[in-house]
1. Quick one: which residue in 172, 212 is in the same structural domain as residue 270 (by TED's automatic domain parsing), out of contact with any Cys (no Cβ under 6 Å at 6 or more places or on another chain) and either among the basic types (Lys, Arg) or within 30 Å of residue 261 (Cα to Cα) (or both)?
2. Would you call residue 221 assigned to a strand (DSSP E or B) and within 26 Å of the chain's Cα centre (by Cα)?
3. Out of curiosity, is residue 201 within 21 Å of the chain's Cα centre (by Cα), charged (D, E, K, R) and either at pLDDT 95 or above or at negative phi (or both)?
4. Which of the residues belonging to segment 245-259 are surrounded by fewer than 24 Cβ atoms within 10 Å (Cβ to Cβ) and either touching a residue at least 60 places away in the same chain (Cβ under 8 Å) or of a type in the set (D, E, K, R) (or both)?
5. Looking at segment 138-157 only, could you name the residues that are under 20 Å from the mean Cα position of the chain (by Cα) and modelled with pLDDT of 90 or more?
6. Looking at the structure I just gave you, is residue 198 in contact with a Pro (Cβ under 7 Å, 6 or more places away or on another chain), surrounded by 16 or more Cβ atoms within 10 Å (Cβ to Cβ) and within 27 Å of residue 84 (Cβ to Cβ)?
7. Working carefully through the options 152, 173, 189, find the one that is hydrophobic (A, V, I, L, M, F, W, C), within 30 Å of residue 138 (Cβ to Cβ) and touching a Ser or Thr at 6+ places or on another chain (Cβ under 6 Å).
8. For the subset of segment 272-281 comprising residues that are crowded, with 23+ Cβ neighbours inside 10 Å and in contact with a Phe, Trp or Tyr (Cβ under 9 Å, 6 or more places away or on another chain), which member is farthest from residue 298 (Cα to Cα)?
Amino acid sequence: MARVGIITFLHNENCGSSLQAWALQETLREMGHDPLGLDYRPSTREKVRNLLTSGNSPAVALDSLRRKQGRGERNTEGFRRFREEHLTLSAPCKDRQALARAAADCDVLLCGSDQIWSPEWLNPVYFLNFAAEGQRRVSYAPSLGLQVIPPARKARIMQRLLRPFDALSVREAEGQGIIRELLPDRDVAVVPDPVLLLSREHWLQQVGNPPEKRTMAAYFLKDEPAHWEQAEQLAREKRLTLVPLAVTPGGRELAHAIANPDPVAWLKALAGAQAVITDSFHGAAMAAILGKPLTVCRRWKNDDPASKNSRIDQLMRLAGWTRDGECLPGEQVDQSLARERERGLDWLREAVG
């Protein structure tokens with residue numbers, strides 16, 4: 001049994017992020033390991049230091065802040081409760097030094113999943129730069145979120161941060177291609193997101209296997225009027241009640257909205273729906289796992305260099321779905337997901353040791 005220290009996003013109040021963090025801990029526990037989430041809560045000084053040393057644009061940081069503020073009210077208490085009840089975490093770590101202390105007794109350090117390797121807001125701690133000599137470094141399914149190689153300065157930083165890893169994997173083929181350009185001599189696997197490592201039955205156990213209702217769950221991370229219109233039209237065509245899992249101001253104003261659901265309420269609403277429409281990777285992934293008819297709305301234009309559509313494109317590929325139109329469940333999809341699950345589990349077993 002290994003003590004495995006994990007760093008990922010824990011405090012962005014996103015249901016998919018929270019559930020992938022739980023899924024990875026749950027998977028490692030089932031393998032017989034002892035997982036510990038490293039509770040990274042950077043101080044203001046740490047954030048400024050990272051901004052100055054990692055080549056991140058202040059404009060990107062300000063835009064991220066504006067988008068968070070634009071979301072309005074947030075379910076801070078619900079996510080805090082989820083972390084306390086479902087995750088095994090270290091004491092809060094305000095900087096790299098605190099992370100090193102929290103991880104001192106770990107045999108393996110693991111980073112992933114989610115967009116922790118996004119070059120837009122590069123942060124070296126998500127590349128395990130706090131690891132001690134002799135600690136094994138593994139990446140499990142981190143996402144770069146981009147389809148093109150990052151600018152030269154960030155590419156050099158990423159090369160330096162990636163070289164010490166003992167085992168490298170990413171979540172999308174596009175990210176694999178970028179890292180292979182940065183490190184041509186290294187093997188880089190593409191593995192499924194942690195939520196896909198658990199079976200449908202395992203997920204349903206977490207929410208009591210709720211009965212299916214005549215609802216269509218709509219989960220949008222971007223307030224795009226055309227997407228809400230599409231959701232309403234589809235719900236009418238299917239004679240379903242549209243239930244917005246609302247994390248945006250526009251969604252919270254709609255009838256039947258579940259405002260700012262915590263991860264358990266979010267999962268329960270998806271499990272109880274007859275269909276799902278979303279612009280979210282984890283919304284789409286969970287619909288696939290649960291066997292729900294799915295309609296995907298794309299948040300970025302396909303020719304946008306900053307597009308993060310690669311995350312959902314990878315899911316489409318592994319599930320055997322086409323990019324456009326409604327994705328329907330079936331035996332072939334279930335078999336594809338089962339193969340991916342076993343492939344991901346095999347890779348993780350070998351990488352962690």
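1. Details: 172 fails: in the same structural domain as residue 270 (by TED's automatic domain parsing).
Answer to the selection: 212.
2. Working: assigned to a strand (DSSP E or B): no; within 26 Å of the chain's Cα centre (by Cα): yes.
Criteria not met by residue 221.
3. Considered against the rule, which asks whether it is within 21 Å of the chain's Cα centre (by Cα), charged (D, E, K, R) and either at pLDDT 95 or above or at negative phi (or both), residue 201 comes out as yes.
4. Passing the criteria: 248, 249, 252, 253, 259.
5. 138, 139, 140, 141, 142, 143, 144
6. Considered against the rule, which asks whether it is in contact with a Pro (Cβ under 7 Å, 6 or more places away or on another chain), surrounded by 16 or more Cβ atoms within 10 Å (Cβ to Cβ) and within 27 Å of residue 84 (Cβ to Cβ), residue 198 comes out as no.
7. Matching residue, one of 152, 173, 189: 189.
8. Top of the filtered list is 276.
The values are calculated or read from the model by the stated rules, or taken from the named source; none is laboratory data. Here the structure is a predicted model, which means the values were calculated and not measured. Reconstructed Cβ throughout: ideal geometry from the backbone, glycine too, with neighbour counts over all protein chains shown.
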